[in-house]
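The values are calculated or read from the model by the stated rules, or taken from the named source; none is laboratory data. All values derive from a computational prediction rather than experimental measurement. Here the Cβ positions follow ideal geometry from the backbone for every residue, glycine too, while neighbour counts run over all protein chains shown. Surface areas here come from the heavy atoms of the whole protein model, side chains and all, with no ligands, DNA or RNA. Shrake-Rupley method; radii C 1.70, N 1.55, O 1.52, S 1.80 Å.
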Amino acid sequence: MPQERPRVLGLGGSLREKSRTLNALKIALQGAADAGAETRLLDLKTLKLPLYDDRPDPETYPEDVFRLVEEVRWADGLLLATPVYHGTLSGSMKNALDFLELLAEDDPLCLGGRAVGLIAVAGGSIGTNAINSLLFTCQTLRAWVAPTAVVVPGSAFADDRLTDPKIEERLRRLGREVAWGAERLRGR
Ligand SMILES: Cc1cc2nc3c(=O)[nH]c(=O)nc-3n(C[C@H](O)[C@H](O)[C@H](O)COP(=O)(O)O)c2cc1C
(Lines give C-alpha, C1' and ligand atoms only; values in the text may rest on other atoms or scores of the structure.)
Protein backbone atom coordinates (compact mmCIF):
# COMPACT_ATOMS: atom_id res chain seq x y z
CA MET A 1 0.00 0.00 0.00
CA PRO A 2 1.41 3.45 -0.90
CA GLN A 3 2.48 5.68 1.96
CA GLU A 4 -0.18 8.35 2.33
CA ARG A 5 1.05 10.70 4.99
CA PRO A 6 4.43 12.41 5.37
CA ARG A 7 6.43 10.98 8.26
CA VAL A 8 7.94 13.38 10.76
CA LEU A 9 10.37 12.27 13.47
CA GLY A 10 10.99 14.40 16.56
CA LEU A 11 14.56 13.91 17.75
CA GLY A 12 16.02 15.56 20.80
CA GLY A 13 15.47 16.43 24.36
CA SER A 14 18.18 16.55 26.93
CA LEU A 15 19.40 13.75 29.16
CA ARG A 16 17.76 15.56 32.10
CA GLU A 17 14.64 14.17 33.73
CA LYS A 18 11.63 16.45 32.95
CA SER A 19 13.41 17.94 29.95
CA ARG A 20 11.98 21.28 28.82
CA THR A 21 13.42 20.61 25.39
CA LEU A 22 11.37 17.44 25.13
CA ASN A 23 8.28 19.39 26.17
CA ALA A 24 8.86 21.95 23.38
CA LEU A 25 9.57 19.19 20.86
CA LYS A 26 6.26 17.45 21.62
CA ILE A 27 4.36 20.68 20.90
CA ALA A 28 6.09 21.09 17.53
CA LEU A 29 5.33 17.44 16.72
CA GLN A 30 1.69 18.11 17.48
CA GLY A 31 1.80 20.91 14.88
CA ALA A 32 3.15 18.40 12.34
CA ALA A 33 0.40 15.92 13.26
CA ASP A 34 -2.25 18.65 12.91
CA ALA A 35 -0.95 19.27 9.39
CA GLY A 36 -1.51 15.59 8.53
CA ALA A 37 1.86 14.01 9.29
CA GLU A 38 2.42 10.64 10.89
CA THR A 39 4.74 11.43 13.80
CA ARG A 40 7.20 9.61 16.01
CA LEU A 41 9.27 10.85 18.94
CA LEU A 42 12.80 9.72 19.69
CA ASP A 43 13.89 11.03 23.08
CA LEU A 44 17.69 11.07 23.23
CA LYS A 45 17.47 10.09 26.89
CA THR A 46 16.10 6.67 25.90
CA LEU A 47 19.08 5.95 23.65
CA LYS A 48 22.36 4.81 25.13
CA LEU A 49 24.57 6.17 22.37
CA PRO A 50 28.32 5.81 22.72
CA LEU A 51 30.46 8.64 21.41
CA TYR A 52 30.79 8.45 17.64
CA ASP A 53 34.35 7.31 16.84
CA ASP A 54 34.39 6.76 13.04
CA ARG A 55 35.38 3.12 13.52
CA PRO A 56 36.14 0.98 10.45
CA ASP A 57 33.58 -1.65 11.53
CA PRO A 58 30.42 0.39 12.31
CA GLU A 59 28.36 -2.81 12.56
CA THR A 60 29.95 -3.25 16.02
CA TYR A 61 28.12 -0.19 17.38
CA PRO A 62 25.41 -1.09 19.93
CA GLU A 63 21.79 -1.64 18.92
CA ASP A 64 20.63 1.85 19.92
CA VAL A 65 22.80 3.36 17.19
CA PHE A 66 20.86 1.38 14.58
CA ARG A 67 17.59 2.32 16.22
CA LEU A 68 18.53 5.97 15.63
CA VAL A 69 19.61 5.27 12.05
CA GLU A 70 16.43 3.34 11.21
CA GLU A 71 14.16 6.00 12.71
CA VAL A 72 15.86 8.65 10.56
CA ARG A 73 15.51 6.38 7.49
CA TRP A 74 11.79 6.11 8.26
CA ALA A 75 11.35 9.90 8.32
CA ASP A 76 10.55 12.31 5.48
CA GLY A 77 11.06 15.19 7.88
CA LEU A 78 12.62 15.80 11.29
CA LEU A 79 12.16 18.19 14.15
CA LEU A 80 15.43 18.59 16.05
CA ALA A 81 15.33 20.08 19.55
CA THR A 82 18.40 20.82 21.64
CA PRO A 83 18.93 22.53 24.97
CA VAL A 84 21.38 25.44 24.80
CA TYR A 85 24.61 24.32 26.48
CA HIS A 86 27.38 26.90 26.81
CA GLY A 87 26.00 28.98 24.00
CA THR A 88 25.47 26.18 21.49
CA LEU A 89 23.81 22.81 20.94
CA SER A 90 24.29 20.02 23.49
CA GLY A 91 27.01 17.42 23.04
CA SER A 92 24.40 14.63 23.04
CA MET A 93 22.56 16.20 20.08
CA LYS A 94 25.76 16.77 18.14
CA ASN A 95 26.84 13.21 18.84
CA ALA A 96 23.50 11.86 17.59
CA LEU A 97 23.88 13.92 14.40
CA ASP A 98 27.44 12.63 13.93
CA PHE A 99 26.00 9.09 13.84
CA LEU A 100 24.06 10.07 10.69
CA GLU A 101 27.38 9.53 8.94
CA LEU A 102 26.16 5.91 8.92
CA LEU A 103 23.63 7.05 6.28
CA ALA A 104 26.39 8.34 3.99
CA GLU A 105 25.90 5.46 1.51
CA ASP A 106 22.11 5.98 1.32
CA ASP A 107 20.44 7.72 -1.63
CA PRO A 108 19.75 10.49 -0.78
CA LEU A 109 22.58 10.50 1.73
CA CYS A 110 22.36 11.46 5.44
CA LEU A 111 19.51 13.99 5.83
CA GLY A 112 19.20 14.55 2.08
CA GLY A 113 15.64 14.75 0.74
CA ARG A 114 14.28 15.55 4.20
CA ALA A 115 12.73 18.69 5.66
CA VAL A 116 14.19 19.64 9.03
CA GLY A 117 12.97 22.09 11.66
CA LEU A 118 15.20 23.49 14.41
CA ILE A 119 14.43 24.26 18.07
CA ALA A 120 16.78 25.49 20.81
CA VAL A 121 15.67 25.74 24.43
CA ALA A 122 17.66 28.21 26.55
CA GLY A 123 17.83 28.90 30.26
CA GLY A 124 18.06 32.60 29.43
CA SER A 125 16.84 34.09 26.17
CA ILE A 126 19.74 33.69 23.75
CA GLY A 127 19.78 30.55 21.65
CA THR A 128 20.54 31.88 18.19
CA ASN A 129 24.00 30.40 18.13
CA ALA A 130 22.63 26.94 18.94
CA ILE A 131 20.21 27.32 16.01
CA ASN A 132 23.05 28.49 13.75
CA SER A 133 25.21 25.54 14.75
CA LEU A 134 22.34 23.11 14.13
CA LEU A 135 21.65 24.81 10.80
CA PHE A 136 25.24 24.49 9.67
CA THR A 137 25.39 20.82 10.68
CA CYS A 138 22.05 20.02 9.04
CA GLN A 139 22.99 21.71 5.79
CA THR A 140 26.25 19.77 5.78
CA LEU A 141 24.12 16.64 6.23
CA ARG A 142 22.18 17.79 3.09
CA ALA A 143 18.91 18.68 4.86
CA TRP A 144 16.30 21.16 3.60
CA VAL A 145 15.87 23.42 6.61
CA ALA A 146 12.50 25.06 7.38
CA PRO A 147 12.39 28.88 7.43
CA THR A 148 10.97 29.10 10.94
CA ALA A 149 13.40 28.29 13.75
CA VAL A 150 12.36 28.53 17.38
CA VAL A 151 14.42 29.71 20.32
CA VAL A 152 12.47 28.97 23.49
CA PRO A 153 13.57 31.19 26.41
CA GLY A 154 13.61 30.00 30.02
CA SER A 155 10.87 32.52 30.82
CA ALA A 156 8.41 30.56 28.64
CA PHE A 157 8.26 27.78 31.27
CA ALA A 158 6.59 27.31 34.63
CA ASP A 159 7.56 24.12 36.49
CA ASP A 160 9.28 22.78 33.35
CA ARG A 161 6.01 23.10 31.36
CA LEU A 162 5.80 25.51 28.45
CA THR A 163 3.16 28.11 29.26
CA ASP A 164 3.84 30.89 26.72
CA PRO A 165 1.08 30.76 24.07
CA LYS A 166 3.09 32.73 21.48
CA ILE A 167 6.02 30.34 21.69
CA GLU A 168 3.63 27.39 21.59
CA GLU A 169 2.10 28.74 18.38
CA ARG A 170 5.55 29.28 16.87
CA LEU A 171 6.49 25.68 17.68
CA ARG A 172 3.27 24.43 16.09
CA ARG A 173 3.94 26.55 13.01
CA LEU A 174 7.38 25.01 12.71
CA GLY A 175 5.79 21.56 12.94
CA ARG A 176 3.36 22.46 10.16
CA GLU A 177 6.20 23.76 7.97
CA VAL A 178 8.16 20.55 8.39
CA ALA A 179 5.08 18.45 7.54
CA TRP A 180 4.56 20.61 4.44
CA GLY A 181 8.19 20.26 3.35
CA ALA A 182 8.27 16.53 4.15
CA GLU A 183 5.21 15.97 1.96
CA ARG A 184 6.84 17.75 -0.99
CA LEU A 185 10.30 16.24 -0.63
CA ARG A 186 9.06 12.69 -0.08
CA GLY A 187 10.70 10.20 -2.39
CA ARG A 188 13.14 12.74 -3.82
C1 LIG B 1 25.88 22.50 31.04
C2 LIG B 1 24.82 23.53 30.81
C3 LIG B 1 25.11 24.66 30.08
C4 LIG B 1 24.13 25.63 29.85
N5 LIG B 1 24.43 26.73 29.10
C6 LIG B 1 23.47 27.65 28.85
C7 LIG B 1 23.76 28.78 28.04
O8 LIG B 1 24.86 28.98 27.56
N9 LIG B 1 22.76 29.67 27.80
C10 LIG B 1 21.50 29.50 28.32
O11 LIG B 1 20.62 30.33 28.07
N12 LIG B 1 21.21 28.42 29.09
C13 LIG B 1 22.15 27.50 29.36
N14 LIG B 1 21.86 26.41 30.12
C15 LIG B 1 20.50 26.21 30.59
C16 LIG B 1 19.71 25.26 29.70
O17 LIG B 1 19.78 25.63 28.35
C18 LIG B 1 18.23 25.27 30.09
O19 LIG B 1 18.11 24.94 31.45
C20 LIG B 1 17.41 24.33 29.23
O21 LIG B 1 16.06 24.56 29.46
C22 LIG B 1 17.70 22.88 29.58
O23 LIG B 1 16.87 22.07 28.81
P24 LIG B 1 16.32 20.69 29.40
O25 LIG B 1 15.28 21.01 30.44
O26 LIG B 1 15.74 20.03 28.20
O27 LIG B 1 17.48 19.95 29.98
C28 LIG B 1 22.82 25.45 30.37
C29 LIG B 1 22.54 24.29 31.13
C30 LIG B 1 23.52 23.36 31.35
C31 LIG B 1 23.18 22.11 32.15
task = Give 36, 12 a once-over and let me know the one that is within 13 Å of the chain's Cα centre (by Cα) and of a type outside the set (A, V, I, L, M, F, W, C).
result = 12
request  = Give the residues of region 90-110 that are open to solvent by 10 Å² or more (accessible area, probe 1.4 Å) and either near the ligand (Cβ under 10 Å from one of its atoms) or among the small types (Gly, Ala, Ser) (or both), sorted by residue number.
outcome  = 91, 92, 104
request  = Mind counting the residues in region 19-38 that are more than 16 Å from the ligand (Cβ to nearest atom) and either assigned to a loop (DSSP other than H, G, I, E, B) or hydrophobic (A, V, I, L, M, F, W, C) (or both)?
outcome  = 5
task = Among residues belonging to region 136-153 that are open to solvent by less than 10 Å² (accessible area, probe 1.4 Å) and within 12 Å of residue 24 (Cβ to Cβ), point out the one that is farthest from the ligand (Cβ to nearest atom).
result = 150
request  = Could you pull out the residue among 67, 16, 20, 40 that is surrounded by fewer than 22 Cβ atoms within 10 Å (Cβ to Cβ), among the basic types (Lys, Arg) and touching a Gly at 6+ places or on another chain (Cβ under 9 Å)?
outcome  = 40
request  = Being farther than 17 Å from residue 11 by Cβ, part of a helix (DSSP H, G or I) and acidic (Asp, Glu) narrows it down to one of 105, 71, 59, so name that one.
outcome  = 59
query = Any idea which residue in region 154-188 is farthest from residue 19 (Cα to Cα), counting only those that are within 16 Å of the ligand (Cβ to nearest atom) and of a type in the set (Val, Ile, Thr)?
reply = 167
task = Identify, by number, the condition in (1) in contact with a helix residue (DSSP H, G or I) (Cβ under 9 Å, 6 or more places away or on another chain); (2) within 16 Å of the ligand (Cβ to nearest atom); (3) in a loop (DSSP other than H, G, I, E, B) that residue 113 doesn't meet.
result = (2)
key: Any pair with Cβ under 9 angstrom, 6 or more apart, that starts in region 8-22 at a residue that is over 15 Å from residue 91 (Cβ atoms) and of a type in the set (Lys, Arg) and ends at one that is more than 9 Å from the ligand (Cβ to nearest atom) and outside any strand (DSSP E or B)   = 18/159; 20/156
